[in-house]
Amino acid sequence: MSKKDKGGRRHKGGKRKDRQREQIPVFHIFCEGANTEPLYFNQFPIPNMAYCKGYGQTKMTLVETALKYKRENKVTKKSKDQIWVVFDYDYDGNMQPQQKEDYNNAIAKAEKNNLKWAVSNDAFELWYVLHFQDCHAQELRHWYNKRIEHHTGERYDKNREIAKKMDDLLLSKQDDAIKRAIALKGKYNDNDKAHADKNPFTTVHELVIELNRFKKL
């Protein structure tokens, strides 16, 4: 029931609105790559992006960095903040089987400590390519880079200026990418923790969906 002020007028749930406002999550995003991922996510026009940075660290070190940040800033479930780690598999034949173990262990540690994870196998660029086409076969980063060039007509590499362009080039097709990513993820068993064996695979769309919920209108 709404309350009355001293003049007898009724208020419509002001306290409830305040509580809802307090529950808007703040985003803290930790990226493995130094340029591509942070430049992409920082272009989302949301008012509640507290932190988004690329580290150039190993996957496990990135998770540990995020956990240290979480402890130092006293981020808890009650705060509703979302801390994300973003990394990819980036297959290297000379690093097997250790690379597979590191990838799986980093995801497991993130999950255990209530960090959200946006990962890609094999490369973050899989998310870009899904804006234009389905991906079913296991491919490496070089293949994804060539498909991006094919679809956009733009030279693609890790250059900062190229990375800054990607949001504008892809935005109109983002809904298609989300649908394709959801369908791709649906091919795998969520209970299967051998994530390195899921290829192609991405959960980047889950972070994108969350960010889109709070875009400035």
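Values in this text are rule-based calculations from the coordinates and carry no lab data. Quick caveat, the model's predicted, so the values are computed rather than measured. Ideal geometry is used to build each Cβ from the backbone, glycine not excepted, and the neighbour counts take in all protein chains shown.
Each of S172, S79 was scored by other Cβ atoms within 10 Å of its Cβ. Arranged with the fewest first, they read S172, S79. Under the simplified labelling scheme, the S79-D157 pair shows an inter-label distance of 3.9 nm, with each label point 7 Å from Cα along Cα→Cβ. Two numbers describe the Cα atoms of region 52-165: Rg and Dmax, which are 16.1, 46 Å.
Spin-label model, Y188/A34: points 7 Å from Cα along the beta carbon direction are separated by 2.8 nm.
With just the Cα atoms defining each centre, how far is region 54-128 from region 135-191? Give it in Å. Measuring centre to centre over Cα atoms gives 19 Å. Sorting the Cα pairs of region 108-190 by distance into bins of 5 Å, from 0 upward, gives 3, 13, 23, 23, 18, 11, 7, 2, 0 percent per bin. log10 I(q)/I(0), Debye, Cα-only region 19-212, no solvent, q = 0.10 Å⁻¹? For region 19-212 at q = 0.10 Å⁻¹, log10 I(q)/I(0) is -0.39. On a 31 Å Cα-Cα criterion, which of the cross-link pairs K100/K215; K70/K146; K146/K198 come out too long? Where the Cα-Cα span goes over 31 Å, the pairs concerned are K100/K215; K70/K146. Springs between Cα atoms under 10 Å define the GNM used for the chain, and in it the highest mean-square fluctuation of D122, D134, D192 occurs at D192.
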